[in-house]
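Engineer: Starting off with a structure, shown below.
Just so it is clear, none of the values below were taken in a lab; they were calculated from the coordinates. Quick caveat: nothing in here was measured; it's all calculated off a predicted structure. No Cβ is skipped: glycine too gets one built from the backbone with ideal geometry, and neighbour counts run over all protein chains shown.
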Amino acid sequence: MKIIKSLFYLLPFIFFACQDDIEETTTLELEFIHKAGNEDFEYGKIYQNNAGNEFSLRLWRTYISDVKLMKSDGELYAVPDSYHLIEPVDGNKFSLKLNQIPSEKYKAIQFYVGVVGEENLSGEIVGDLDPSNNMAWNWTTGYKFIRMDGEFQDELGNRRGVVVHIGKEINLKPQVFNFQQDINFSGQINKLSFDLDLLEAFQNPHTIDFEVLSDFQFNDEANLIGENYAEGFVKLIE
Amino acid sequence: MRLIYFFLLIIFISFGCDPKNGEFAPEDDFELSAPAYFGSFNERIPEDNPMTTKGFELGRMLFYEKKLSGDNSMSCASCHQQSNAFTDGKAFSPGIDGQVGQVSTMSLVNLLWAEHFTWNGKMQSVEDQSTEPIRNPIEMHENFDNAIRKLEDAGYNRLFQEAFETDQITEELIGKALAQFQRALISSNSKYDQYLRGEYNPTPSEKRGEQLFFTHPIPGQLRGGNCGDCHLGPLTSGAIDEFQGFHNNGLDHDENMDEGLMAVTGNSTDKGRFKTSSLRNIALTAPYMHDGRFRTLEEVIDHYDNGIHQSSTLDILIIEGSNENQASGERPQLFLSEQEKEDILAFLHMLTDEEFISNSKFSNPFENENN
């Protein structure tokens, strides 16, 4: 009897103990579909850029970070520890799941192409930031935001590299996608899909001719690629 | 009595909210520590072979156990000598029958941040890699029935019982124990690490060498040694995923090059690609390259500077890496100055870790037994 009595007293505590869970949350899946123009991207396949160079890639990795969702009232929900490394692993797709998203109506999503707010690799490993994942430069320089390793055959028939390793704060590019109408994220899982278009890294506004320049690492020209991927490289599919 | 129930309930309540609290670490938890700049590693330890103190200790004994060889004359440590950062100073190492292999002994260091072992990437795990030399006719040349019988006679059953909760000695468990020992071989106290931790002030040459090592050269803009494109980050080893860390570094041309990764994938575009090794303790692991062709680090630096052979699979990160503008199709060269070569060499010497090569936890446990 005593037990039942003590249980009875404790009941309210039990119910309120997990108060954090009372706010309803859901999962948001972000899917990234790697493309080259209208084609599905594949490693080793030859594509043509705007300048007419035929090239292929053996590696393509992209960091996005600081994902935020804008609720219909304009309030921002920031995904914690939001550093995500995107690469075509499932065919040309990559999917990541954001858990504990408040179930609400949202009107926009925003994030950066690149890694926000890190200066070196000394800190803790947060999200997908990991110095051993082939995206780090060195101790002081931090992470590459976009990495593309590939090659093309030049006019003389020689193999040449297409090496795109872009970092530095100037190349951190904000992406904002307003939904055509508010979307209610609720239930088990919700999904947003994005295209990542390889060719957009080499055009609009700067058409990159690999015959002239095909090595973009920390040089001034790397910023041209940054300006290219600032817009049109990531597209929300609705 | 009532109080006890009350406390029990409190416990249930506090564990109810956060699922993490419900998971208990294994009792016998072997402490691995590594700097954050090496990257995460806990998830790299196979679930079916967690690190334990008993497993590590058994692995250490097996690593130095000559009974694992056909004539009881060799152990893993015969070729992987701690004082040489677990190499043996030879281009090719003779096995028990005096026959030599075709590739040089690899250093064993920071293996947690690696996959696809041996020079051509043939071995998927440290476990697989560990038992192969025991069986290999030109290495330790022993079959596992014999080896296991000898271990049983030497009283190893009890040690397997303690490490794996079974006294049945198997090839699989021998591999697991050896893998546990080798995963613990973490080198992170070189001068370079001390510098990264703010405990060591590098010389101007070492500092310049670090910059050159990690810099991809851009003619007219940035001087670089182009090393860090393949020898990544503070680990200075190749990329982990898939075969990204395998590169053709221009040792030979198409006609005379060794197969390398192609022997594993069957893909002709992988010909001449070899595992990019860690440069940790590189000053102690001569000779260099898969076939030990370079005797000194000076020769290695000269190779990258001015000795690259062109081929159809030469790595694009080498083709696109020069301090001067080169014409299309020209043989890639770095055009480093003598001072720059010296600086890179000074940086490579920073990677030597005296503590690692003298750490008694990794040394021969039989040393006092006239073994």
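Engineer: Can you give me the angle between helix B:126-135 and the longest principal axis of chain B, using Cα atoms only, in degrees from 0 to 90, rounded to the nearest 10?
Structural biologist: Here the helix axis deviates by roughly 90 degrees.
Engineer: To the nearest 20 debye, what is the magnitude of the charge dipole of region A:29-237 about its Cα centre, counting +1 on the Cβ of each Lys and Arg and -1 on the Cβ of each Asp and Glu?
Structural biologist: 440 debye
Engineer: Full-extension gain between B:ALA36 and B:HIS253, please, as 0.36 nm times their residue separation minus the C-alpha to C-alpha distance.
Structural biologist: Length gained between B:ALA36 and B:HIS253: 74.2 nm.
Engineer: Given the options B:THR352, B:THR269, B:THR52, state which has the largest fluctuation in a GNM of chain B using a 10 Å cut-off (strictly under) for Cα springs.
Structural biologist: B:THR269
Engineer: Can I ask one more? Could you state the angle between the C-alpha long axis of helix B:204-214 and the longest principal axis of the C-alpha atoms of chain B, as a value from 0 to 90 degrees rounded to the nearest 10?
Structural biologist: That works out to roughly 80 degrees.
Engineer: By the gyration tensor of its Cα atoms, with a ≥ b ≥ c the square roots of the eigenvalues, what is the shape of region B:36-186: rounded for a/c under 1.5, prolate for a/b over b/c, or oblate?
Structural biologist: oblate
Engineer: Write down the Å³ per residue value for the convex hull defined by the alpha carbon atoms of region B:191-353.
Structural biologist: Spread over its residues, the Cα hull of region B:191-353 gives 113 Å³ apiece.
Engineer: Can you put B:GLU299, B:GLU47 in order, fewest other beta carbons within 10 Å first?
Structural biologist: B:GLU47, B:GLU299
Engineer: Which value results for Rg/Rh of region A:111-213 when Rg is the Cα radius of gyration and Rh the Kirkwood radius based on the inverse mean 1/r?
Structural biologist: Rg/Rh for region A:111-213 comes to 1.06.
Engineer: Determine, for B:CYS79, B:CYS230, the number of other Cβ atoms within 10 Å of each Cβ, and report the residues in order from fewest to most.
Structural biologist: B:CYS230, B:CYS79
Engineer: While we're on this one: Can you give the mean number of other chain Cβ atoms that lie within 10 Å of the Cβ atoms in peptide B:314-321?
Structural biologist: Mean partner-chain Cβ count within 10 Å for B:314-321: 6.
Engineer: Reachable lysines from A:LYS71, Cα under 25 Å, same-chain residues fewer than 8 places away excluded?
Structural biologist: Candidates past the 8-residue exclusion: A:LYS97, A:LYS105, A:LYS107, A:LYS173, A:LYS191, A:LYS235.
Engineer: If neighbour count is taken as other Cβ atoms inside 10 Å, put A:LEU236, B:LEU351, A:LEU156 in order from fewest to most.
Structural biologist: By the 10 Å Cβ count, ascending, the order reads A:LEU156, A:LEU236, B:LEU351.
Engineer: Would you work out the charge dipole size for region B:36-186 about its Cα centre, treating the Cβ of every Lys and Arg as +1 and the Cβ of every Asp and Glu as -1, and quote it to the nearest 20 debye?
Structural biologist: Dipole of region B:36-186, to the nearest 20 debye: 460 debye.
Engineer: Between B:ARG149 and B:SER358, what length comes free when the chain is fully extended (0.36 nm per residue of separation minus the Cα-Cα distance, one decimal in nm)?
Structural biologist: Using 0.36 nm per residue and subtracting the Cα-Cα distance, I get 72.0 nm.
Engineer: Let me test this: with uniform point scatterers at the alpha carbons of region A:29-237, what is the Debye-based log₁₀ I(q)/I(0) at q = 0.07, 0.10, 0.14, 0.18 1/Å?
Structural biologist: Debye curve over Cα of region A:29-237, log10 I(q)/I(0) at q = 0.07, 0.10, 0.14, 0.18 Å⁻¹: -0.22, -0.44, -0.84, -1.31.
Engineer: Next up: Could you please state, rounded to a whole Å, how far the C-alpha centre of region B:320-339 is from the C-alpha centre of region B:175-218?
Structural biologist: If you average the Cα positions of each part, the centres end up 27 Å apart.
Engineer: Right, next: Along the charge dipole of the protein assembly as shown, which of B:ALA286, B:LEU351, A:GLN100 sits closest to the positive end, that is, farthest toward it, with unit charges on the beta carbon of Lys, Arg, Asp and Glu (+1, +1, -1, -1)?
Structural biologist: About the Cα centre, the residue reaching furthest to the positive side is A:GLN100.
Engineer: Would you mind checking the pairs B:LYS67/B:LYS90; B:LYS67/B:LYS271; A:LYS144/B:LYS207; A:LYS144/B:LYS275; B:LYS54/B:LYS150 and listing those with alpha carbons more than 28 angstrom apart?
Structural biologist: Violating the 28 Å Cα-Cα cut-off are B:LYS67/B:LYS271.
Engineer: Roughly how crowded by other chains is peptide B:324-333, in terms of the mean Cβ count from those chains within 10 Å of each of its Cβ atoms?
Structural biologist: Going residue by residue through B:324-333 and averaging, the value is 2.
Engineer: Relative contact order, percent, of chain B when contacts are C-alpha pairs under 8 Å separated by at least 6 residues?
Structural biologist: Relative contact order of chain B: 19 percent.
Engineer: Follow-up question, since we're still on this one. Would you work out the charge dipole size for region B:191-353 about its Cα centre, treating the Cβ of every Lys and Arg as +1 and the Cβ of every Asp and Glu as -1, and quote it to the nearest 20 debye?
Structural biologist: With Lys and Arg at +1 and Asp and Glu at -1, about 360 debye.
Engineer: Additional query: Taking chain A as a Gaussian network, Cα atoms linked when under 10 Å apart, which of A:GLN180, A:GLN110, A:GLN100 shows the biggest mean-square fluctuation?
Structural biologist: A:GLN180
Engineer: Let me ask you something else. Give me the mean projected area, in nm² to one decimal, of the convex hull enclosing the Cα positions of chain B.
Structural biologist: So the mean shadow area of the Cα hull is 24.6 nm².
Engineer: May I have the extent of the alpha carbons of the protein assembly as shown along their three principal axes, as whole Å values ordered from largest to smallest?
Structural biologist: 81, 76, 47
Engineer: Considering Cα pairs under 8 angstrom that are at least six residues apart, work out the relative contact order of chain A and quote it in whole percent.
Structural biologist: Across chain A, relative contact order equals 25 percent.
Engineer: From the square roots a ≥ b ≥ c of the eigenvalues of the alpha-carbon gyration tensor of region B:191-235, which class results: rounded (a/c under 1.5), prolate (a/b over b/c), or oblate?
Structural biologist: oblate
Engineer: Right, here's the next one. Positive end of the dipole of region A:36-160, charges at C-beta (+1 Lys, Arg; -1 Asp, Glu), about the Cα centre: which of A:ALA78, A:SER56, A:VAL126 has its Cα farthest in that direction?
Structural biologist: Sorting the options by dipole projection puts first A:ALA78.
Engineer: Normalised by the residues of region A:83-197, what does the relative contact order come to in percent, with Cα pairs under 8 Å and at least six apart?
Structural biologist: The value is 33 percent.
Engineer: Here is a further query. Where does the charge balance sit around B:ALA286 when Lys and Arg score +1, Asp and Glu -1, over other residues with C-beta under 15 Å from its C-beta?
Structural biologist: The answer is -1.
Engineer: Run the simple label-point estimate for A:THR27 and A:ASN178 please: 7 Å along Cα→C-beta, distance reported in nm.
Structural biologist: Result: 3.2 nm between the two label points.
Engineer: Show that you can apply the helix-only estimate: for chain B, add -39,500 (n - 2.57) for every DSSP H stretch of four or more residues, divide by all residues, and state [θ] at 222 nm to the nearest 500.
Structural biologist: Calculated from helices alone, the mean residue ellipticity at 222 nm is -9500 deg cm²/dmol.
Engineer: Another one. Quick one: helix A:2-17 against the long Cα principal axis of chain A, what's the angle to the nearest 10°, folded into 0 to 90?
Structural biologist: 30 degrees
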